[in-house]
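First comes the structure, then the notes that go with it.
Values quoted throughout were computed directly from the atomic coordinates according to the rules given, and no laboratory measurement underlies them. Here the structure is a predicted model, which is why all the values come from computation and not from measurement. Cβ: placed from backbone, ideal geometry, glycine included. Neighbour counts: every protein chain shown.
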């Protein structure tokens, strides 16, 4: 082990426009596992699969951010090491099993190991995102937080028909606005599918959006629809106007 | 100006027991104003008054933490520079007026000034507290967060009769438990007095406790009752068993 205790995996921040409130966040952007955690005992199929990252989500999030002049914040480490969208005390934060895969490197993790991963991966990412939001607020720009995810078309052998899910936590305004804006788009769209806040998937929104009363939503796109950079970019250009329209509608409702 | 952009005022953390869930937080512990912000145009009376800090609150919080073997996290800079318990976009974060005092150094603050104070004071404190909570969770200890404040006995010329206020945000369990435990203590105790979450005073609890579902409460003691270190210590020893009892009661309710 040549690594030190000071290893820290910061959030990757791609700047948006100065007055732009929109901040896209992609927690599961990367399947990279730093050398000190090895391969977690997994074979290549698992390491390339949706359990390690959200395939296509970063390309989609970046396409959305660029189309709208928005900010983009993404995670640099695989969720198998430490999931940025789960509280560190939850089993899913460093899962010993995910869908059909056992993850040997995560079984029987000691508290010190959980604490070290939390310090190296979870804390710096959330500190960086919190700092960005605090800075935007101090400058008089009230952020709108949208997390961008992808989901597998087949889960435990069962195909999923939904193509585009929009999930909300306590505040449904933006999510319902996006679903409304998706009507007629030809995308099979559903609110709170393929899972919902009750499944614990809105941790990041609870941590960063809700305390400040910021509008927020979680986008979930079926990953077979964004499997190539071109497909992800095309999807970004389909979704961008829906996001834009929902923000406008919600502002008007608040005013 | 000899200060640099890298000035950063970290949270002061006094360690508690390894398995101890209780974390006391004292946002308004200090009336210190770092030299680069001068005296904000204030005279000595204002700089020593309750608008600059919560007199007695740090002594009370430290007494509580020591009596219970708990953790203590406190702020090193006056709330007049940057209030750790207000969102950076709120007027009260860097108030231009507080009770009967104008604060010249805070009038017509530029966005860049607000952003610089937020970066120097607000962000490091909250990153440090967030890191402590994440570490405790990773180690399997679920924190209980209690903020400790004091209030002035006379507000805009009107005396306040309440001596001990316990304030809650979304989750009332711990606060109502402490109020119940205070019955018969001889302290004039009230729930959500002298103000409540509706007045925006629970920002820190929303940021750090609610997203993780942690039990939490805000304690407010009238500052004439804790004006000396001895009085604060005596009050800590009165309140410690109430906190302890409320935690027990609430654990039983959850189980």
Query - Overall Cα dimensions of region B:138-190 - principal axes, largest extent first, Å - result: 48, 26, 17
Query - Rounded to 10°, Cα long-axis angle of helix B:57-68 versus longest principal axis of chain B - result: 30
Requested in this report: Provide an ascending nm list, one decimal, of label-point separations from residue B:238 to the equivalent residue in each further copy; define each label point as 7 Å from Cα along Cα→Cβ.
Outcome: 6.6
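Can you compute the FRET efficiency between residue A:195 and residue A:48 using 1/(1 + (r/R0)^6), with r the Cβ-Cβ distance and R0 = 22 Å? Round to the nearest 0.05.
Numbers: r = 23 Å, r/R0 = 1.03.
My answer for the efficiency is 0.45.
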Report task. Measure of size requested: the Rg and Dmax of region B:70-121, with Cα atoms as the atom set and Å as the unit; please supply both. Result -> 11.8, 41
**Report entry** Kirkwood-based shape ratio for region A:85-182, expressed as Rg/Rh from alpha carbons
**Finding:** 1.05
**Report entry** Rh by Kirkwood over Cα pairs, then Stokes-Einstein D for region A:184-230 at 0.692 mPa s and 37 °C, µm²/s
**Finding:** 256
Report task. Along Cα→Cβ, 7 Å out, is where each label goes; now give me the distance between the ones at residue A:156 and residue B:158 in nm to one decimal. Result -> 5.8
Query - Relative contact order %, chain A, counting alpha carbon pairs below 8 Å whose residues are six or more apart - result: 24
Query raised in the report: Can you name the residue in chain B whose Cβ lies closest to the B-to-A rotation axis, and give that gap in whole Å?
Result: B:127, 2
Query raised in the report: Which whole number gives the average, over all residues in A:111-122, of C-beta atoms from other chains lying within 10 Å of the residue C-beta?
Result: 3
Query raised in the report: Expressed as a whole percent, how much of the Cα-Cα distance distribution for region B:17-136 exceeds 22 Å?
Result: 37
Requested in this report: Starting from the eigenvalues of the Cα gyration tensor, five times each then square-rooted, give me the equivalent ellipsoid semi-axes of region B:127-166, largest first, whole Å.
Outcome: 36, 11, 4
Query raised in the report: Expressed as cubic angstrom per residue, what is the convex hull volume of the alpha carbon set of region A:161-247?
Result: 95
Query raised in the report: What order do you get for B:142-151, A:198-207, B:113-122, B:12-21 when each peptide is scored by the mean count of other beta carbon atoms within 10 Å, highest first?
Result: B:142-151, B:113-122, A:198-207, B:12-21
Report summary line: At 4 °C in a medium of viscosity 1.567 mPa s, region A:96-255 has a Stokes-Einstein diffusion coefficient, with Rh taken as the Kirkwood radius over alpha carbon pairs, in µm² per second, of 74
**Report entry** Stokes-Einstein diffusion coefficient of the protein assembly as shown, Kirkwood radius over Cα pairs, 20 °C, 1.002 mPa s, in µm²/s
**Finding:** 88
Query - Pseudo-label separations to other copies for residue A:196 - Cα-to-Cβ vector, 7 Å, nm - result: 2.9
Report summary line: homo-copy label distances at residue A:99 (7 angstrom along Cα-Cβ), nm, one dp, ascending, are 6.0
Query raised in the report: Which percentage, to the nearest 5, of the DSSP beta bridges contained in chain B is antiparallel?
Result: 40
